[in-house]
Number of protein chains: 2
Amino acid sequence: MLVIGIDPGLTTTGFGAVRKVGSRVEVVAAGVIRTDKDLSAARRLDGLYRDMTELIADVQPGVMAVEQVFMNRNRLTATRVGQASGVVMLAASLAGIDVFEYSPSAVKAVVTGDGSASKAQVQQMVARRLGLAEVPSPADTADALAIALCHMQSMGNMVGRLTAVHGGRR
Amino acid sequence: MLVIGIDPGLTTTGFGAVRKVGSRVEVVAAGVIRTDKDLSAARRLDGLYRDMTELIADVQPGVMAVEQVFMNRNRLTATRVGQASGVVMLAASLAGIDVFEYSPSAVKAVVTGDGSASKAQVQQMVARRLGLAEVPSPADTADALAIALCHMQSMGNMVGRLTAVHGGRR
């Protein structure tokens, strides 16, 4: 199962696609989508939507995990992040892909085992899990990979629990 | 010029399209788009996007005016309103329509002359301006019509000012 993680934003949207290969998790694609600051918000959402649709067609993820907008920020920024996440989720839905949303604290808790971990701790854990020599850059890419790992691990735990309940093994 | 006003929401999105006929402003279309509460957020955004795209194709507005998300609400509600507004603005942009955003206080100030007017005062003014016997219902429809009127009046004022500056007459 290929999971694409998304850290949405109107200016910069991070993405990171990962897949399980044996016991390892490897990065399939990672980077950012940027929009032109000189355009109107609607045109920037349009650009983000088109780029995201193209990315989904290229990467062919089986599922999308999106960071849920965190509203304790500057008001206009929060609005713009909400609009960007809406457009990203739409692109996934129109491509027939299921979308899961995770709060920032859930991502921290699942990836590091500590819901109050620092951004740096999360990024270092992402690099370690993915066997990367350095923390992925820019930060939006590392955040997106953390979200993808969070989903993969959450699903893994669920399968583990279900397996335990049913007494089976995979 | 046909203006469509939008009061975005994931559960209910109000719309109201108005046009100037001589010195009067008349309602061309007004109502709400609702989404199924049993679906995931992504699927609901998908439904909203499809319905909005169809509405734009039917009504053929020249411009869209959207209420800017007001963030002083319940966090998850604010996130969902942001996502809905993003999808609505995207539908307009993909249809080649310019989008203008207005804050709730700007709408109140332009429509009633008082930025701190009550919701009821705004709705009564909307009914009066549009020559309606009653306040449009549900409230999302009345709010959407207020946003459309706000845009029409803002543009009218601007044309008025430009005309004054250039010493011309229309």
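The values are calculated or read from the model by the stated rules, or taken from the named source; none is laboratory data. Just so it is clear, the model here is predicted, and its values are computed rather than measured. Every residue, glycine as well, gets a Cβ built from its backbone with ideal geometry; the counts of neighbours run over all protein chains shown. For the accessible areas, the whole protein counts, side chains as well, though only heavy atoms, and no ligand, DNA or RNA atoms are used. Shrake-Rupley method; radii C 1.70, N 1.55, O 1.52, S 1.80 Å.
Filtering segment A:137-156 down to residues that are open to solvent by 50 Å² or more (accessible area, probe 1.4 Å) and within 18 Å of A:R24 (Cβ to Cβ), which residue is modelled with the lowest pLDDT?
Among residues in segment A:137-156 that are open to solvent by 50 Å² or more (accessible area, probe 1.4 Å) and within 18 Å of A:R24 (Cβ to Cβ), the one modelled with the lowest pLDDT is A:M155.
Is segment B:65-80 home to any residue that is within 11 Å of chain A (Cβ to nearest Cβ) and among the small types (G, A, S)?
Within segment B:65-80 (the criterion being within 11 Å of chain A (Cβ to nearest Cβ) and among the small types (G, A, S)), the answer is yes, since at least one residue qualifies.
Considering only segment A:19-136, give the strands (runs of 3 or more DSSP E) lying wholly within it that have at least 1 residues that are crowded, with 16+ Cβ neighbours inside 10 Å and without any contact (Cβ under 8 Å) to a residue 24 or more places away in the chain.
Details: elements: A:24-34, A:63-67, A:98-102.
Correct list: A:24-34.
Output the residues belonging to segment A:1-30 that are more than 14 Å from the chain's Cα centre (by Cα) and either among the β-branched types (V, I, T) or under 18 Å from A:L132 (Cα atoms) (or both).
Selection gives A:T11, A:K20, A:V21, A:G22, A:S23, A:R24, A:V25, A:E26.
Output the number of the condition that B:G14 fails; it satisfies all remaining conditions of (1) away from chain A (no Cβ under 14 Å); (2) in a loop (DSSP other than H, G, I, E, B); (3) crowded, with 22+ Cβ neighbours inside 10 Å; (4) not hydrophobic (A, V, I, L, M, F, W, C).
The number of the failed condition is (2).
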